[in-house]
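Everything below concerns the one structure shown next.
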Amino acid sequence: MASVFITYGSTTGNTAYVAESIQRTLEQSGHQVTIKDVADINVTDLTKTYDLCCLGCSTWGDDEIELQDDFIPVFEEIEHVDLSRKKIACFGCGDSSYEYYCGAVDAIEESCKNAGASIFTDSLKIDGDPKAEQADIDAWAQDLVAKLNA
């Protein structure tokens, strides 16, 4: 089975909830998962021998895209590491009433591509309370499982 690294930045607990939901689905499918708060990692953790890295971040800000505070140091270093041959999947929470709805997800994905990573699947963007979007979270995680098993 595949080894998956999940890291997330969460201020209100919503992105942590999504990360834990993804972890649960992957582990129930037999995959080995390492999950860490982004405040507890270094950007080089993304270069380790995982089959897939999932990065989750909430988006703040009305006038510009603002990443969750703990994610900023890792984000600023992403393009300075070699992520070639790495598969990345991004997810995050936001509020669609803001101009840059889940813009952090797009920014992280773009930085990972610039560092050589390939995007494993379309990003998951959760609007508001993730518990109300559980079906979407589960479907996205099942898509990861199907692609990892292929």
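The values are calculated or read from the model by the stated rules, or taken from the named source; none is laboratory data. Because the structure is predicted, anything quoted here is derived from the model rather than measured. Here the Cβ is made from the backbone with ideal geometry for all residues, glycine too, and neighbour counts use every protein chain on show.
For residue 133, the stated conditions hold: it is surrounded by 15 or more Cβ atoms within 10 Å (Cβ to Cβ) and over 13 Å from the mean Cα position of the chain (by Cα). Yes or no: residue 2 among the aliphatic types (A, V, I, L, M) and in contact with a Leu (Cβ under 6 Å, 6 or more places away or on another chain)? Judged against the criteria, residue 2 is a match.
For residues that are more than 16 Å from residue 76 (Cα to Cα) and either touching a Cys at 6+ places or on another chain (Cβ under 8 Å) or among the hydrophobic types (A, V, I, L, M, F, W, C) (or both), scanning just region 97-122, find the one that is surrounded by the fewest Cβ atoms within 10 Å (Cβ to Cβ). By that ranking, first place goes to 119. Hey, does region 139-147 have a residue that's aliphatic (A, V, I, L, M), in contact with a His (Cβ under 8 Å, 6 or more places away or on another chain) and surrounded by 15 or more Cβ atoms within 10 Å (Cβ to Cβ)? Scanning region 139-147 turns up at least one residue that is aliphatic (A, V, I, L, M), in contact with a His (Cβ under 8 Å, 6 or more places away or on another chain) and surrounded by 15 or more Cβ atoms within 10 Å (Cβ to Cβ).
Residue-by-condition table, conditions (1) within 16 Å of residue 38 (Cβ to Cβ); (2) among the hydroxyl-bearing types (Ser, Thr, Tyr):
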{"residue": "51", "(1), (2)": "no, no"}
{"residue": "66", "(1), (2)": "yes, no"}
{"residue": "82", "(1), (2)": "no, no"}
{"residue": "85", "(1), (2)": "no, no"}
{"residue": "90", "(1), (2)": "yes, no"}
{"residue": "93", "(1), (2)": "yes, no"}
{"residue": "96", "(1), (2)": "no, yes"}
{"residue": "107", "(1), (2)": "yes, no"}
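Would you pick out the residues in region 43-77 that are crowded, with 23+ Cβ neighbours inside 10 Å and not β-branched (Val, Ile, Thr)? If the condition is that a residue be crowded, with 23+ Cβ neighbours inside 10 Å and not β-branched (Val, Ile, Thr), then 46, 53, 54, 55, 56, 57, 58, 67, 68, 71 are the ones that fit. Close contacts from region 75-90, counting a first residue that is closer than 14 Å to residue 50 by Cβ and a second that is of a type in the set (Phe, Trp, Tyr), with Cβ to Cβ under 7 Å and a gap of 6+ residues or different chains, come to 87/120; 88/120; 89/120. With respect to the stated conditions, residue 13 is surrounded by fewer than 19 Cβ atoms within 10 Å (Cβ to Cβ), over 15 Å from residue 138 (Cβ atoms) and either among the charged types (D, E, K, R) or within 15 Å of the chain's Cα centre (by Cα) (or both). Tell me, yes or no, whether region 62-82 has at least one residue that is modelled with pLDDT of 95 or more and within 18 Å of residue 3 (Cβ to Cβ). Among the residues of region 62-82, not one is modelled with pLDDT of 95 or more and within 18 Å of residue 3 (Cβ to Cβ), which makes the answer no.
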